């Protein structure tokens, strides 16, 4: 176990997907100054550490060891040139836009990451690279230009993760049990650690989280651990070259046991001193607003690892159910839960000012206010926030479903006496102000007026009920508890009901 | 955090319910020698530590601070005397049998526990007391003689755990948030710690596991922690009196986070040095054959706590589904999983030689062989064993259901690519020998011949299919992995199927 060191990362941590900058900057406007301005915008928003993503299946910069995104692409060629032939008609234009921009910036002699990391240093922000370890965007299409030659060869040789089923991207992930896969990624690790001036390299094992044949993950985890020992040595060489530490981070599934059972034993890596940053994360379906940060915190005790909680941009209460993007209030609530659960920092994934509706739905001022607050628990506590129930979207093969919603009164049949109880993680209880519970009922369910609703054993008065089944209840602040609230719903005469969404809103206290 | 000490408990640990001895010994035959013989039988079976239970709601010995079981009972009185009036006709005779025996032994001047613990020392066995912290056997009956006057008073004053629902025993538990409840139990703690020569006292928080108003458990946990500090001081006084250590143990829910969220923060207790023994346990519905022992082990690292895994006597794959008693092979498998997961010892709860069919279904020789093997991983590894899938029967209010069975192909709709995958914890893989997978399908489901079944990505040949839907598959030992096996079931033309039981049997290797 490594000795206790001072934790130094600044939050919030901001992961930049390879695509945003190029989608939002045409070939005509890309420049080193545009990269600077992009970072300046994040600095203004209060981002503490920038984590720059250099690859999916291809590098998004002019790599010497991997194909670049524009490999095989002719900017002056027609829309039916080989690398575009796969695309649906509506995809071609934005796709070309992205490749044109990326290629143009590289042709200008500007490396996005080199420039971005330097600009981060200018602002005193942390400057990291992140590497997607098994990205399979485009894998369900036969000829997506997102696919690398290496991937196509593995696929052609039937060496992908699942050899007996081929119905999802998880089946089509690379098999990290194969030495050629390990060496393929090691090449890129070495390039980035010799090419850039970086504070750390994150290995993003959550893109896409399934790296071994089903059932081979525990043995596979030992393979990854060995491989990471080699990466750690490369980090030490980079630190020597640069004259400052080069840390190693990992993004892993949200539960320690799930991570281990998928071959990503972050706790073991931390205890061996292999990693400096552990970011428990959902995959994509939904921000997971109640990750077991307390447990992670305890498991990492005695190590020098920075524990950060990763927020995704989608909000989906029920697997495969309706989803929206996270609102500022939901993101504030999730950030507070993460920090009060024991995380050192908040980590934002897919929170791009220009994408996912943040510009329209949040607005620039809100982005600045919310991102700034994420670096400061006290600021979050004072903000209007909303706490919800979501689910975890990554489970190890054979791990059972455990989504809390939809919730019905049928659970009262269980031996465990939860009845239809729900639990919402709210972080610390507010000292004053008001709170409101929202329960959304499925159509043709019970009349909310026929139900009794308790928060922490105290009955709540029913307020407004909307036409589409959203019932609001008053919650007194003095009936709230620290960390989480238990909501008990008891059916009346018309008993059958299904709760499809549950939120507690806490108003700003200043 | 307490300094690292040598772990000294001997296994397996055997918890003795207050009732077994008296049910199996009539008033005519109880005696000090009968108690000795009872312990001799356990010594012969290989029990390493005896944990003697002195109470449910009443003391089962002649306590000076609590009512005894026979309080208000007249052995010479009629069957309709007040304390028996509650009982169904068939219950009266065995009930009187138990009270007659208990009272007779006490009247002879023999304290069961004093005698039993002394006999344990004679055999070199560990000698503990265990105290049920909130037993509510009989609470659904108005006048059960199992209920104490204290409990009836709390109930009459409407001070029980749930003030707004009254449908289950969990609603009718005592509220440990009340000082009078804390003091009621503290009296018994102090009595036992001044009365007996014991190696340790276990606080059995799993009888019955719900101690606070719904939603008040996290705050309640701090109350229990304070209370346990007082108990720890009493243990130190007892150690001084006795001239040897008197340890403190706890039985808690099977998941660390569930335990914490129910007010039983065993990890915090361990780190504070309050407890010496932590026994993650199911409640009763089923032996939980895949408790997260690895996680407990990691969380308790750096403490001197003995981690033991508790096995229950029932085997129930599906909540509220059919159940049997554990077979010798299932108990062997569960014990191996617990020990190889990181537990120091196996702990047996409700494994009474004379009850639950062990005498008939196991036989004395088998009891001896299996209990002996539980003290020795190597012996368990060589034994015939069976590994299954069960569920956890204690969840904190609002924690979602997470039972793996029943399993259907519908799970393929999930974003997470588990499909219909199951996971069976088998401990370390056998070096040789044969294994067999059993899948039991619900009636009118798919024809097993139409399904493809994989264990760790290798297809398994279908063997026998019984008339009631049990399909057997050959599993090669070299396709097994250490710790757990992933079973993937893929539907053919007739896709719909439901798996209601899944087991892997591993034959003895010697």
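For the stretch A:152-168, a tally of residues being more than 8 Å from chain B (Cβ to nearest Cβ), part of a loop (DSSP other than H, G, I, E, B) and surrounded by 15 or more Cβ atoms within 10 Å (Cβ to Cβ) returns 3.
Assess whether residue B:144 counts as being crowded, with 17+ Cβ neighbours inside 10 Å and without any contact (Cβ under 8 Å) to a residue 60 or more places away in the chain. Show your work before the answer.
Numbers: crowded, with 17+ Cβ neighbours inside 10 Å: yes; without any contact (Cβ under 8 Å) to a residue 60 or more places away in the chain: yes.
Taking the combined requirement at face value, the residue satisfies it.
In a residue-by-residue description of the stretch B:257-274, the property of being surrounded by fewer than 24 Cβ atoms within 10 Å (Cβ to Cβ) and more than 22 Å from residue A:302 (Cα to Cα) applies to at least one position. Among the residues of the stretch B:419-449, those that are surrounded by 13 or more Cβ atoms within 10 Å (Cβ to Cβ) and away from chain A (no Cβ under 14 Å) comprise B:430, B:433, B:434, B:436, B:438, B:440, B:441, B:442, B:445, B:446, B:447, B:448.
Residues of the stretch A:456-510 that are free of Cβ contacts under 8 Å to residues at least 24 places away in the same chain and out of contact with any helix residue (DSSP H, G or I) (no Cβ under 9 Å at 6 or more places or on another chain): A:459, A:461, A:464, A:466, A:467, A:478.
So that you can scan it fast, the table gives a plain yes or no per residue for (1) surrounded by fewer than 23 Cβ atoms within 10 Å (Cβ to Cβ); (2) assigned to a loop (DSSP other than H, G, I, E, B); (3) modelled with pLDDT of 95 or more:
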residue: B:34; (1), (2), (3): yes, no, yes
residue: B:43; (1), (2), (3): yes, no, yes
residue: B:50; (1), (2), (3): no, no, yes
residue: B:57; (1), (2), (3): no, yes, yes
residue: B:65; (1), (2), (3): yes, yes, yes
residue: B:72; (1), (2), (3): yes, yes, no
residue: B:83; (1), (2), (3): yes, no, no
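When the stretch B:311-338 is filtered for residues that are more than 13 Å from chain A (Cβ to nearest Cβ), surrounded by fewer than 24 Cβ atoms within 10 Å (Cβ to Cβ) and within 23 Å of residue B:506 (Cβ to Cβ), the ones remaining, listed by number, are B:313, B:315, B:324, B:325, B:327, B:328, B:329, B:330. The set of residues in the stretch B:85-106 being surrounded by fewer than 15 Cβ atoms within 10 Å (Cβ to Cβ) and either under 19 Å from residue B:142 (Cα atoms) or in contact with a strand residue (DSSP E or B) (Cβ under 9 Å, 6 or more places away or on another chain) (or both) consists of B:85, B:88, B:89, B:90, B:91. Whether a residue is in a loop (DSSP other than H, G, I, E, B) and either closer than 25 Å to residue A:30 by Cα or more than 14 Å from chain B (Cβ to nearest Cβ) (or both) was assessed, and residue A:141 passes this test.
Report yes if some residue within the stretch A:381-388 is within 14 Å of another protein chain (Cβ to nearest Cβ) and modelled with pLDDT of 95 or more; otherwise report no. Checked the stretch A:381-388: at least one residue is within 14 Å of another protein chain (Cβ to nearest Cβ) and modelled with pLDDT of 95 or more.
Quick check on my filter: what residues within the stretch B:299-320 are farther than 29 Å from residue B:21 by Cβ and in contact with a strand residue (DSSP E or B) (Cβ under 7 Å, 6 or more places away or on another chain)?
Residues of the stretch B:299-320 that are farther than 29 Å from residue B:21 by Cβ, as a first pass: B:299-305, B:317-320.
B:300, B:305, B:317, B:318 - these are the residues of the stretch B:299-320 that are farther than 29 Å from residue B:21 by Cβ and in contact with a strand residue (DSSP E or B) (Cβ under 7 Å, 6 or more places away or on another chain).
Within the stretch A:427-440, can you find the residues that are modelled with pLDDT of 90 or more, in contact with a helix residue (DSSP H, G or I) (Cβ under 7 Å, 6 or more places away or on another chain) and more than 27 Å from residue B:210 (Cβ to Cβ)? The one that is modelled with pLDDT of 90 or more, in contact with a helix residue (DSSP H, G or I) (Cβ under 7 Å, 6 or more places away or on another chain) and more than 27 Å from residue B:210 (Cβ to Cβ): A:430.
The values are calculated or read from the model by the stated rules, or taken from the named source; none is laboratory data. In this text, all values refer to a predicted model and were calculated from it rather than measured experimentally. As a convention, Cβ positions derive from the backbone with ideal geometry for all residues, glycine included, and neighbour counts pool all protein chains shown.
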